[in-house]
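A short write-up of the structure that comes next.
The values are calculated or read from the model by the stated rules, or taken from the named source; none is laboratory data. Everything quoted here is computed from the prediction, not taken from an experiment. All Cβ positions, glycine included, derive from the backbone under ideal geometry; neighbour counts span all protein chains shown. Please note that ligands, DNA and RNA were not included when accessible areas were found on the heavy atoms of the full protein model with its side chains. Shrake-Rupley method; radii C 1.70, N 1.55, O 1.52, S 1.80 Å.
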Amino acid sequence: MRWSQTFIPTLKETPADAEIVSHQLLLRAGLVRKLTGGLYTFLPMGLRVLTKVANIIRQEMDRAGAIEVAMPLLQPVDIWQASGRYEAMRDALYKVKDRAQKEWALCPTAEEVITTLAANELSSYKQFPKNFYQVGTKFRDEIRPRFGLMRAKEFVMKDAYSFDTSDEGAMASYRKMYDAYTRIFARCGLRSFAVEADTGIIGGNHSHEFMIPAETGENDVVYCEACNYAANIEKATSGLPKTAARELGAPVEKFATPGVVTIEALSKEPYKVPANRQIKTLVYIADSKPVLILIRGDDQLNEAKFMAKSGAVEARPADVKNAADLALAFTALGALPGSLGAVHQVPSDWKVYADERLRGANDMTTGANEDGFHLRNVSLERDIRVTEWCDLRTVTAGEPCPKCAQTLKIRRAIEVGHVFKLGTKYSEKLNATFLDEKGQRAPVVMGCYGIGVTRTLQAIIEQGHDKDGILWPVSVAPYQICLTPLVVAPDSAPMKLAEQLYAELTSAGLEVILDDRDDRPGVKFKDSELVGFPLRIGLGEKSIAKGEVEFKPRGGELQPVKIEDAVATIIAWVKAEQAKLAI
RNA sequence: CGGGACGUGGCUCAGCCUGGUAGAGCGCUUGGUUUGGGACCAAGAUGUCGCAGGUUCAAAUCCUGUCGUCCCGACCA
């Protein structure tokens, strides 16, 4: 390709509406342009990278035994209602109406569609296992699109769905995808790691996310360097001991705490109740019903854990400024936040979730459900009707690893892939069953596996850049080689040699862009570094006169190479770079 | 949805506080000089100052509303 014939609108200055470096470089290198918030046009260089990432994914999916299909982007809403996710997805699901006012959904993911296919087409155990995948556009009505392609309204995703006849089979399918993902990200030049993950609205009971470490990521990952334990903060646990039990027997005692409405205030003079001897009482509205959540005063609630444990589709803190909440929750309890507790006056139909760390604790202090009063000598077991004990707290850095007791750390990361073992959630609801060897009907056991292709592209930039621009791994670079003649007159020595090298390298199967623009060298060098071609070959009259070309790996040192050795040297370099990314 | 910031030429921004009819750099066009790290000189083109109201003799500037963008939070496979 000739630079002058394609379209690479580079920007010298950083666009004002791009905050993180990968987003800035996407725009500056001319890979994409924004149409509006969360919607981007892929320009030639961006599209080439996207296609390459997608093809690496295809190769590894195929290698793992998955088979490619293409499902409709427009989906009937009745299958979403059947799976129960029409409500669960809520506003994240784009809905459109046809001329008959019938409602349709724009594909955010395709469990319903593929399960419908399986229900219709897979009926005998002999047809299993199967793993269908597709690479295509997905739509989600994100509350807040951000960071360019990282969280967009429309994005490219690879989604795969496995169908097995047994739990063991499903685990094997899961493992194959897990291994394929590891290879995919390695081939994209990414340093990735897998973490235990919450399953959220997708459902299922076993899940890993593939993460790219990056300060700009939207996920907090808890990890242990000693034993390789790693989990999303939404899922992570730690080996902290339970709250120490003290002497039993003292009766609950009410005491006045005028104006004290925070854990911190109660921990100070004159009360001096340490936060770790307080019970934090939170009121949530979960699927329109109030519930109490109890955690220790020095802990933070992990809402994802609560959502998972309670099975609620929607949950939020009760809001004193909301009249309905006020009546439903706070009036019923008899107090406002700051004086809440679970000892007295909790309506008998309310669920009370308590964090495991409080189990067995006594000598605790909590709100009295009377404004301006607290209770001391509270025993969780004796004085509070806990309906469910569960892990609800958020892990913090420095706590002991749940597996090996060494110190846990926390870092930010970008989620690029997610694998789920789904079980029979969808197959049961959408009636995907099969007959086994004995003629018994059973629901298919499913898994689903996603990779954010556009997000992965941006993650590659986020992980691979320097002050001059992008550092593409050779496997995904828009072109592997940029030929840069410093004089472009057709009969000049640099241009003639460039044409010759272009022909030879292209016929050798390499991807080459020839910068034939009549621009000053500085402009061409800067642009090639900004766009990030892995290897630049500089062709100037001076070096050609010495029988040399300039060999400049992106991010490396320039070295002269004899003209007669140039093609072989370049091919060898590209092969070596490819070998580094092979798995 | 809550909090914050910002909307001025294709891009980055100044001008707004203190109202007087719009600027710079980059980019673009033409001509010339240049030619190894985002050149220089000259001449040009490009703006209903996001939109709608209001105040005023007069609004980019002040007020109200609205739309959009970005950031934080909430939310989010």
Coil-residue trypsin sites (Lys or Arg not before Pro) of region A:531-574, DSSP, other Cβ within 10 Å capped at 12: A:LYS546
Sparsely packed trypsin sites (Lys or Arg not before Pro) within region A:151-205, loop by DSSP, other Cβ within 10 Å at most 13: A:ARG191
Options A:VAL96, A:VAL77, A:LEU47, ranked by Cα towards positive dipole end of region A:15-146, top entry (Cβ charges): A:LEU47
Prolate/oblate/rounded call for region A:404-513, Cα gyration tensor, a/c under 1.5 rounded: oblate
Magnitude of the charge dipole, region A:253-390, Cβ model with Lys/Arg +1 and Asp/Glu -1, debye to 20: 180 debye
Probe 1.4 Å, protein heavy atoms only - accessible area per residue of region A:418-464 in square angstrom: 33 Å²
Estimated vicinal HN-Hα couplings, Hz - region A:486-492 in sequence order (Karplus 6.51, -1.76, 1.60; Gly, Pro = x): 8, 10, 10, 4, x, 9, 6
Largest to smallest accessible area among A:GLU356, A:GLU111 [probe 1.4 Å]: A:GLU356, A:GLU111
1.4 Å probe accessible area per residue over region A:253-390, in Å²: 44 Å²
For chain A, convex hull of alpha carbons as volume per residue, Å³: 206 Å³
Charge dipole (region A:236-363, unit charges on Cβ, about Cα centre) - positive-most of A:MET307, A:LEU326, A:PRO241: A:PRO241
Cysteines in chain A that, by Cβ-Cβ distance, have no pairing candidate under 4.7 Å: A:CYS107, A:CYS188, A:CYS390, A:CYS448, A:CYS482
Dipole moment magnitude, nearest 20 debye, region A:542-583 about Cα centre, only Lys, Arg, Asp, Glu C-beta charged: 100 debye
Listed residues A:LEU422, A:TRP472, A:LEU535: farthest to the positive end of the dipole of region A:399-548 (Cβ charges): A:LEU422
Candidates per GluC sites (Glu not before Pro) in region A:202-231, loop by DSSP, up to 15 other Cβ within 10 Å: A:GLU215, A:GLU218, A:GLU225
Cα gyration tensor, region A:503-577 - rounded (a/c under 1.5), prolate or oblate: rounded
Taking chain A and dividing mean pair separation by its residue count, relative contact order in percent (alpha carbons under 8 Å, at least six apart): 17 percent
Percent RCO, i.e. relative contact order, over region A:83-176, from Cα pairs under 8 Å lying at least 6 residues apart: 25 percent
Spatially proximal aspartates and glutamates relative to A:LYS421 (Cα-Cα < 14 Å; intrachain offsets below 8 disregarded): A:GLU111, A:ASP159, A:ASP164, A:ASP167, A:GLU168, A:GLU196, A:ASP198, A:GLU209
Carbon and sulfur %, accessible surface of region A:253-390 computed with the full protein complex present, 1.4 Å: 52 percent
Lys, Arg +1 and Asp, Glu -1 on Cβ, resulting dipole of chain A about Cα centre, debye, nearest 20: 60 debye
Among the listed pairs A:LYS526/A:LYS552; A:LYS496/A:LYS562; A:LYS52/A:LYS496, those beyond 24 Å (Cα-Cα): A:LYS52/A:LYS496
Kyte-Doolittle mean at least 1.0 and Cα axial length at least 18 Å: DSSP H helices in chain A: none
Chain A - share of DSSP beta bridges that are antiparallel (%, nearest 5): 80 percent
Anisotropy class of region A:258-415 from Cα gyration tensor, a/c 1.5 cut: oblate
Percent RCO, i.e. relative contact order, over region A:90-236, from Cα pairs under 8 Å lying at least 6 residues apart: 15 percent
Given A:LYS95/A:LYS305; A:LYS153/A:LYS409; A:LYS12/A:LYS138; A:LYS305/A:LYS409, the pairs whose alpha carbons are separated by over 22 Å: A:LYS95/A:LYS305; A:LYS153/A:LYS409; A:LYS12/A:LYS138
